[in-house]
1. Here are some residues: F9, F45, F22, F75. Which one is on the phi < 0 side of the Ramachandran plot, touching a helix residue (DSSP H, G or I) at 6+ places or on another chain (Cβ under 7 Å) and part of a helix (DSSP H, G or I)?
2. What is the one condition in (1) aromatic (F, W, Y); (2) open to solvent by 90 Å² or more (accessible area, probe 1.4 Å); (3) part of a helix (DSSP H, G or I) that F68 does not satisfy?
3. Considering only segment 20-41, I want to know if a residue exists there that is open to solvent by less than 90 Å² (accessible area, probe 1.4 Å), within 23 Å of G86 (Cβ to Cβ) and in contact (Cβ under 8 Å) with a residue 60 or more places away in the chain.
4. Among the residues of segment 71-89 satisfying the criterion of being among the aliphatic types (A, V, I, L, M) and over 26 Å from L6 (Cβ atoms), which is surrounded by the most Cβ atoms within 10 Å (Cβ to Cβ)?
5. Restricting the search to segment 1-12, which residues are open to solvent by less than 90 Å² (accessible area, probe 1.4 Å) and either modelled with pLDDT of 95 or more or not aliphatic (A, V, I, L, M) (or both)?
Amino acid sequence: MPIHNLARFIARLLEIYTLIVFANALLSWFVFGTQNAVIRQIYWFTSRIVDPVLSPIRNALQPVSRNFGIDISPFILIILLQILVGMLR
């Protein structure tokens, strides 16, 4: 059952990545209004992990989401990640 263990491991990594995406989305609301260096560093760290995956989603959604005033790409990514986790289980 090594394939089953590998699938569970990948699913767990995707769940952790989902938490990082969620944390980054939350921090993006607060980071520019705070002088707290710890929050800024956490946001910088999570952005470096999340932005390469979010950029293509943002580019694809740009014509549609231009008038929303809110970036919905993290929510789309979280939904896609949860679909992948469900497929791996």
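1. Matching residue, one of F9, F45, F22, F75: F22.
2. With (1) aromatic (F, W, Y); (2) open to solvent by 90 Å² or more (accessible area, probe 1.4 Å); (3) part of a helix (DSSP H, G or I) applied to F68, the lone miss is (3).
3. yes
4. I76
5. N5, I10, A11, listed by residue number.
The values are calculated or read from the model by the stated rules, or taken from the named source; none is laboratory data. Values in this document were obtained by computation on a predicted structure and should not be read as measured data. Note: ideal-geometry Cβ built from the backbone for every residue, glycine included; neighbour counts use all protein chains shown. Ligands, DNA and RNA are excluded from the accessible area calculation, which covers all protein heavy atoms including side chains. Shrake-Rupley method; radii C 1.70, N 1.55, O 1.52, S 1.80 Å.
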